[in-house]
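Every read-out reported here was derived from the displayed coordinates using simple, explicitly stated rules and does not represent laboratory data. Quick caveat, the model's predicted, so the values are computed rather than measured. Here Cβ is always computed from backbone atoms with ideal geometry, including for glycine, and neighbour counts include all displayed protein chains.
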Amino acid sequence: MSRVEFTYSAYKNLMNLLQTGGYRVCSYHNWQDAARCVILRHDIDSSLDQALELARVEQKLGLSSTYFVLLSSDFYNVASRSSRGKLRALREMGHEVGLHFDEKAYPEGTTAETTARILKERDILSALLETPVTTVSMHRPSQATLEADLVIPGMINSYGRTFFHDFKYLSDSRRRWREPVEEIIRSGEYDRLHILTHAFWYHEADESITETVGSFIRSANAERYAQMQENITDLASIVERETCL
Ligand SMILES: [Zn+2]
């Protein structure tokens, strides 16, 4: 198996491969219209900025995909002004924003309780985005959730049976393609592909996992200082930036 790099050019190659293979890029709503289709899904587990970068790459290729955002994350706050701006930018590029739901943000619950929590988060996200949110994906779902085939009124569950049984599912979770994604696309064996990528891992140059995680963690310092500056009048007069970072 050839090693797939986690770069924008490798991602573009993947997209070209799909196009060459006759796969039409579809959404969760219109895939039935194409004989051969691929749904591009992105779960935003940690960085909206990284998602925006990949979204721009896709936009330049004329592609649209679905970006799923967490409401319960400590990494980003979808209600903040800057986050809402980023999500608006994603949508203006033609991408869809769906809900990424983390069941572990709640105590263990029944299927009915999980469904109710998803709908509650859906309502909050819809209100923030000022547009209906109609798709959901699960963040690190439990076996029970995977098997539940949750039916959520008014929403498409990307973990529903259709997208796992009628589609060939390929994912780069934990920065590793579990199956030879390029070979599978080239083989043309499957008419329907469901591809999950995490924008977090993709950069201009190929990075190691340590480099990607390390630079993300280090960049948080400067971000935190900027946030302090926004919230404390004339911060620089009471504490020097250099001594903080
Ligand atoms: Zn996730």
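In the chain, what cysteines have no partner Cβ closer than 4.7 Å? Flagged as lacking a Cys partner: Cys244. GNM remark for the chain: springs join alpha carbons under 10 Å apart, and the peak mean-square fluctuation among Arg174, Arg36, Arg224 falls on Arg224. Which of rounded, prolate or oblate describes the range 1-76 when judged by the alpha-carbon gyration tensor and an a/c cut-off of 1.5? Verdict is oblate for the range 1-76.
Per-residue Karplus couplings for the range 104-120, computed as 6.51 cos²θ - 1.76 cosθ + 1.60 with θ equal to phi - 60°, are listed in order as 6, 6, 10, x, 4, x, 6, 4, 5, 5, 4, 4, 5, 5, 4, 5, 5 Hz, Gly and Pro entered as x. Of Phe167, Phe101, Phe200, which has the largest mean-square fluctuation in a 10 Å C-alpha GNM of the chain? Among Phe167, Phe101, Phe200, the largest GNM mean-square fluctuation belongs to Phe167. Working ranking of peptides 103-110, 176-183 by packing, defined as the average number of other Cβ atoms within 10 Å per residue, highest first, is 176-183, 103-110. For the range 62-104, a/c is not less than 1.5, where a ≥ b ≥ c are the root eigenvalues of the C-alpha gyration tensor, and a/b does not top b/c. That puts it in the oblate class.
Roughly how many Å is it from the Cα centre of the range 151-174 to that of the range 75-114, as a whole number? So the two Cα centres are separated by 17 Å.
Among the lysines of the range 57-177, pairs at least eight places apart or on separate chains and with Cα atoms under 30 Å apart come to 6. For the chain, the Cα gyration tensor yields ellipsoid semi-axes of 31, 24, 17 Å (square root of five times each eigenvalue, largest first, whole Å).
Placing unit charges on C-beta atoms (Lys and Arg positive, Asp and Glu negative, everything else neutral), compute the dipole magnitude of the range 128-184 about its Cα centre in debye, rounded to 20.
Value, rounded to 20: 240 debye.
Placing unit charges on the Cβ atoms of the charged side chains and taking the dipole of the chain about its Cα centre, the candidate lying farthest along the positive direction among Ser208, Ser72, Val133 is Val133.
Short-range pairs are left out: with C-alpha atoms under 8 Å and at least six residues apart, the relative contact order of the chain is 23 percent.
What is the range 27-120 by shape, rounded, prolate or oblate, if you read a ≥ b ≥ c off the alpha carbon gyration tensor as root eigenvalues and call it rounded for a/c under 1.5, prolate for a/b larger than b/c, and oblate otherwise? In terms of gyration-tensor shape, oblate. Considering the chain as a Gaussian network with a 10 Å cut-off on Cα pairs, which listed residue, Asn77, Asn221, Asn16, attains the greatest mean-square fluctuation? Of Asn77, Asn221, Asn16, the Gaussian network model singles out Asn221 as fluctuating most.
About its Cα centre, the dipole of the chain is roughly 400 debye, where the only charges are +1 on Lys and Arg Cβ and -1 on Asp and Glu Cβ. Selection among Ile118, Ala51, Leu196 by position relative to the dipole of the chain gives Leu196 as farthest towards the positive end (Cβ unit charges, Cα centre).
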